[in-house]
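Take a look at the structure below.
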Amino acid sequence: MLSIPFVAGLFAVSSFWLGQVNSLTISKRGTCPATNTAAEALASRIQSHYFNIVTGEYSELWTDANTLEDIHTLMLAAGVTTWDSLAGESYIGRVANTGIPSWSTVLDGSYDDAQWIILSLWKIADYQTSQGKSATNYLNAANTIYDIVSAQWDDTTCNGGVWWSSDKNYKNSITNHLYLYTSAEGFNRNSNQTYLDNAEKTWTWLEASGLRNSQGLWNDGLDMTSCANNGQTTWTYNQGVIASGLGALSKANGNTSLPVQAEITLDAAISLLTQDNILKESCDDVTSGGSSCNADQQIFKGVWAKHLAYYLDAVNSATSEAKYSPFLGSLNSAVTHYGVDADGDCSSTWYAANAGGGTYTAQSDASGLAAFNAASKYGPC
Ligand SMILES: *[C@@H]1O[C@H](CO)[C@@H](O)[C@H](O)[C@H]1NC(C)=O
Ligand SMILES: *[C@@H]1O[C@H](CO)[C@@H](O)[C@H](O)[C@H]1NC(C)=O
């Protein structure tokens, strides 16, 4: 009998604290209007300068997917409908809406590209839903592509992982980082246990794969003879996509060790892949004739920032938000002052003023846009 008031008292205390946590969550601010304005200017430039209304493309499939994703993220964040018709006009949207050509034809055996498209389709679906329109075609397309990727899991060579391509000769970080994220986030969206099982299987494999080095950074891939880490470049985007995947899995299965693992890598990227506290791809060089980053590599830094925001979305932790906010502010400032030029395009280089080495492409613009979006949501305002 004596224990009853004691237990009731405990409940009162714990629900008091739960109430505090909930009110913190509810009062969390939205996105930053000034940063959204900068992002909208960059998105307008991308549309006027790079979007081909005839083909529905900007440049190449996977970076186009990221660009579409970022423009829809921006419309959701800023509460605007400026690019309302874009999804239907885009090549990816047309395929989703018509089924022609087949996704296997479009993907052409590239299983990292496939998953960037899933992420763009989800964001388009979120936007369509926000406008009271049907998202069915986009969600069905995402499911179709997910199944194509899942069929590329192979337990035989190096004990697991999704093949990078239909050549079946490489297992790399990005394809499997993406598969962790599409699986875990897919479960968070659709509650389908197959997705959660795939996410857990993928993290178990990644954790034992040796792909993360002693500095906490993920190298490009495996040596397919020895199955050891091949020591190739620690690209920035890998260090972001692993974090969003671990954050989403933690949200799905409640394992609180996973954000700790994610932050080991995020912190290593901030400490090791930067100059003057600004992300710097190893191939970035602002000096004339300097940068050797190809078009793919020019979008990596923005992908890192976007997936840090996805990580923060998933873990919903005021502590983690406070930890990474200053760095997102640093990126926002760098893109604003060193990235964006007089024409409104964004340089591929952010770490210092461009002295002729930076390049201006659809990919570098999309990279800047992704950084603005992430900073708008989680940086200082
Ligand atoms: C769950 O996802 C798998 C893989 O995409 C699919 O085959 C299965 O039909 C889904 N289950 C349900 C109940 O939707
Ligand atoms: C939680 O994640 C950690 C880090 O990967 C792992 O070592 C541990 O086994 C997981 N716990 C459970 C209960 O799955």
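When you scan the range 257-264, do you find a residue that is within 24 Å of S48 (Cβ to Cβ) and either surrounded by 23 or more Cβ atoms within 10 Å (Cβ to Cβ) or under 20 Å from the mean Cα position of the chain (by Cα) (or both), even just one? No, every residue in the range 257-264 fails to be within 24 Å of S48 (Cβ to Cβ) and either surrounded by 23 or more Cβ atoms within 10 Å (Cβ to Cβ) or under 20 Å from the mean Cα position of the chain (by Cα) (or both).
When the residues of the range 95-137 are filtered to those that are free of Cβ contacts under 8 Å to residues at least 40 places away in the same chain, in a helix (DSSP H, G or I) and in contact with a helix residue (DSSP H, G or I) (Cβ under 7 Å, 6 or more places away or on another chain), the one that is farthest from V80 (Cα to Cα) is A114.
Of everything listed in (1) touching a residue at least 60 places away in the same chain (Cβ under 8 Å); (2) within 16 Å of ligand 2 (Cβ to nearest atom), the single unmet condition for L178 is (2).
Listed here are the residues, each with its yes/no results for (1) more than 20 Å from K306 (Cβ to Cβ); (2) part of a helix (DSSP H, G or I).
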{"position": "T194", "(1), (2)": "yes, yes"}
{"position": "T204", "(1), (2)": "yes, yes"}
{"position": "Q215", "(1), (2)": "yes, no"}
{"position": "Q232", "(1), (2)": "yes, no"}
{"position": "G240", "(1), (2)": "no, yes"}
{"position": "S244", "(1), (2)": "no, yes"}
{"position": "L249", "(1), (2)": "no, yes"}
{"position": "A269", "(1), (2)": "no, yes"}
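Conditions first: (1) under 23 Å from T234 (Cα atoms); (2) surrounded by 19 or more Cβ atoms within 10 Å (Cβ to Cβ); (3) at pLDDT 95 or above. V315 passes all but one, so which condition is the exception? All conditions pass for V315, except number (1). Evaluation of S291 against the conditions (1) surrounded by 18 or more Cβ atoms within 10 Å (Cβ to Cβ); (2) assigned to a helix (DSSP H, G or I) shows that the sole unmet condition is (2). A single entry from N198, N176 fulfils the requirement of being modelled with pLDDT of 95 or more, of a type in the set (S, T, N, Q) and more than 10 Å from ligand 1 (Cβ to nearest atom): N176. For H72, which of the numbered conditions (1) closer than 20 Å to D365 by Cα; (2) crowded, with 20+ Cβ neighbours inside 10 Å; (3) in contact (Cβ under 8 Å) with a residue 40 or more places away in the chain; (4) out of contact with any Lys or Arg (no Cβ under 6 Å at 6 or more places or on another chain) fails to hold? Unmet condition: (4). State whether the residues of the range 216-236 include one that is free of Cβ contacts under 8 Å to residues at least 60 places away in the same chain, farther than 20 Å from Q115 by Cα and within 16 Å of ligand 2 (Cβ to nearest atom). Among the residues of the range 216-236, at least one is free of Cβ contacts under 8 Å to residues at least 60 places away in the same chain, farther than 20 Å from Q115 by Cα and within 16 Å of ligand 2 (Cβ to nearest atom), which makes the answer yes.
Taking D155, is it more than 13 Å from ligand 1 (Cβ to nearest atom), exposed (fewer than 14 other Cβ atoms within 10 Å of the Cβ) and in contact (Cβ under 8 Å) with a residue 24 or more places away in the chain? No.
Inspect the range 253-264 for any residue being at pLDDT 95 or above and away from ligand 2 (no atom under 13 Å from the Cβ) and give the result as yes or no.
Pass one, the range 253-264, residues at pLDDT 95 or above: 253-264.
Checking the rest, the ones that are also away from ligand 2 (no atom under 13 Å from the Cβ) come to none.
The answer is no, given that none of the residues of the range 253-264 is at pLDDT 95 or above and away from ligand 2 (no atom under 13 Å from the Cβ).
What residue, of L206, L211, L246, is crowded, with 19+ Cβ neighbours inside 10 Å, of a type outside the set (K, R) and either free of Cβ contacts under 8 Å to residues at least 24 places away in the same chain or touching a Pro at 6+ places or on another chain (Cβ under 7 Å) (or both)? Walk me through it before giving the result.
Details: L206 fails: either free of Cβ contacts under 8 Å to residues at least 24 places away in the same chain or touching a Pro at 6+ places or on another chain (Cβ under 7 Å) (or both); L211 fails: either free of Cβ contacts under 8 Å to residues at least 24 places away in the same chain or touching a Pro at 6+ places or on another chain (Cβ under 7 Å) (or both).
The unique qualifying residue is L246.
For the range 283-310, which residues satisfy the criterion of being more than 20 Å from A243 (Cα to Cα) and among the hydroxyl-bearing types (S, T, Y)? Listed by number, the residues that qualify are T287, S288, S291, S292. N140: part of a helix (DSSP H, G or I), within 12 Å of ligand 1 (Cβ to nearest atom) and modelled with pLDDT of 95 or more, yes or no? Yes: the conditions hold for N140.
The values are calculated or read from the model by the stated rules, or taken from the named source; none is laboratory data. Treat the numbers as computed from the prediction; the structure is a model and nothing was measured. Using ideal geometry, Cβ is built from the backbone for each residue, glycine included, and neighbour counts are taken over all protein chains shown.
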